[in-house]
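Everything on this sheet refers to the single structure shown next.
The values are calculated or read from the model by the stated rules, or taken from the named source; none is laboratory data. Predicted model only: the values in this text are computed from it and were never measured. Backbone-built Cβ (ideal geometry, glycine too); neighbour counts: all protein chains shown.
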Ligand code: BG6
């Protein structure tokens, strides 16, 4: 696979940068952010002068904290390289603080002022919320109160916030109002790390750069689409978070719907952040919403794996879903009537994330007298376990007798390159430093996805909760199988 000059990264070295990480001792910071920052650092993709201010409640000296960062790199990366690692860790400072306490924000502000003095010029400021979403609102209020978000000079301030953003439409709106009191949309980077995955971006690269497929990417040619996010592991040690959220909020409202948006959106008018986000938002806003109970029961399945309630910090009588399937419809000219099966679950047979697009059969089929029908083309864009694209097609078998054989055109990054592919968090951090918002969810996208999800969760308690064995094949739970027999 050739890489072109266009893949050269833009410089981030415009000004010194300070990244303040709320939740600096947490898993996200240690397991994802710091390894990602490290890769940017070793590839010379961070400003020469950068500092990370880690904020958390426990007491650490800078040195102790740097040791913690060092240890997490050792755990997460194959060979972090001693010297680079040492120099990387020296960029970290620790600020003991509590997000509920105004004084902590004042302390951050003072540290930033000292750093500016040290550099003798303005510095760009990034704030990363790597804390539990229940603190977002407080952090926004406190930043507003202490004016920590005020851009008052020749520098920028950007805020990175993780999903889930809100727990339903109303709370997401409230949160957004608070956020917009402090920041302009250009400063807000709402993270959905799926958008930053190379293989997820293939959904638009593949569609809009290959006329062969885009020309038939519509209801005339496509029978049904599956967006699957299957995981073969459970909720690990996230019992209390997961139990209050459930699969639909955890990954449905964001990752799964964003994959759907990229699969169904119209071609962006231009190749820029605004046009691409416009197209994604429009696709999400075209989803048919299910508001009454009967509609929901007909189109939504929810289930919980056996043994879920025995997990620490999960309520004994919890009805939180660990699996969902939604038969969704995108109500516009392109997609009218095509079912989109959105499905995710924990503790399933495989660890597979993919979008499978099943085309209609060609009728009448030139299949040979003995052949049964069922010759559909299938395009599968896979994110896990492989990052690949597969096209299933039909060809004549060798031999005297005319018969068709199933064949595949297959592309996989792992066959093409042995180079390490950048992780989604590297892309997130890098793009936010260069100010490219394309791969971040805009306010209207987040609201459109909550508009679709909220009525379903509001009716959850009246929707039957199925149970499944760990390691189960979700086909037994869903209505997909029955549908595929009837639809064409
Ligand atoms: C997170 C969810 O956003 O995405 C997790 O909270 C899920 O429950 C994870 O396991 C999956 O991400 P990835 O990148 O490992 O596929």
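One table, with the values for the structure above:
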| read-out | value |
| --- | --- |
| Number of the condition not met by residue 421 [criteria: (1) at pLDDT 95 or above; (2) in contact with a helix residue (DSSP H, G or I) (Cβ under 7 Å, 6 or more places away or on another chain)] | (1) |
| Residue 147 vs. criteria in a loop (DSSP other than H, G, I, E, B) and more than 16 Å from the ligand (Cβ to nearest atom) | yes |
| All positions within the stretch 396-443 that are surrounded by 16 or more Cβ atoms within 10 Å (Cβ to Cβ) and within 16 Å of the ligand (Cβ to nearest atom) | 413, 422, 423, 424, 425, 426, 427, 428, 429, 439, 440, 441 |
| Cβ pairs under 6 Å, 6+ apart, first in the stretch 326-354 and under 15 Å from residue 383 (Cβ atoms) and without any contact (Cβ under 8 Å) to a residue 60 or more places away in the chain, second part of a strand (DSSP E or B) and within 16 Å of the ligand (Cβ to nearest atom) | none |
| Failed condition for residue 294, given (1) without any contact (Cβ under 8 Å) to a residue 12 or more places away in the chain; (2) assigned to a loop (DSSP other than H, G, I, E, B); (3) farther than 30 Å from residue 237 by Cβ | (2) |
| Restricting the stretch 380-395 to residues that are part of a loop (DSSP other than H, G, I, E, B) and surrounded by 14 or more Cβ atoms within 10 Å (Cβ to Cβ), the residue that is farthest from the ligand (Cβ to nearest atom) | 386 |
| Failed item, numbered, when residue 284 is tested on (1) touching a residue at least 40 places away in the same chain (Cβ under 8 Å); (2) touching a helix residue (DSSP H, G or I) at 6+ places or on another chain (Cβ under 6 Å); (3) not in a helix (DSSP H, G or I) | (3) |
| Test: residue in the stretch 297-304 that is within 14 Å of the ligand (Cβ to nearest atom) and buried (at least 22 other Cβ atoms within 10 Å of the Cβ) | no |
| Filter result for residue 314 (modelled with pLDDT of 95 or more, within 16 Å of the ligand (Cβ to nearest atom), out of contact with any strand residue (DSSP E or B) (no Cβ under 6 Å at 6 or more places or on another chain) and over 13 Å from residue 225 (Cα atoms)) | yes |
| Count of the stretch 154-169 residues which are away from the ligand (no atom under 16 Å from the Cβ) and assigned to a strand (DSSP E or B) | 3 |
| Residue pairs meeting the criteria (Cβ under 9 Å; at least 6 apart or on separate chains; first more than 16 Å from residue 451 (Cα to Cα), in the stretch 240-257; second in a helix (DSSP H, G or I) and within 9 Å of the ligand (Cβ to nearest atom)) | 241/250; 242/250 |
| Matching option when the condition is at pLDDT 95 or above and over 26 Å from the mean Cα position of the chain (by Cα), among 53, 41, 88 | 88 |
| Residue 99 being closer than 23 Å to residue 133 by Cα, at pLDDT 95 or above, crowded, with 19+ Cβ neighbours inside 10 Å and out of contact with any helix residue (DSSP H, G or I) (no Cβ under 6 Å at 6 or more places or on another chain) | no |
| Number of positions in the stretch 196-247 that are outside any helix (DSSP H, G or I), within 11 Å of the ligand (Cβ to nearest atom) and within 16 Å of residue 263 (Cβ to Cβ) | 2 |
| Which listed residue, of 154, 150, 181, 192, is more than 22 Å from residue 261 (Cβ to Cβ) and touching a strand residue (DSSP E or B) at 6+ places or on another chain (Cβ under 8 Å) | 150 |
| Set 368, 337: member being away from the ligand (no atom under 16 Å from the Cβ), under 26 Å from residue 219 (Cα atoms) and part of a loop (DSSP other than H, G, I, E, B) | 337 |
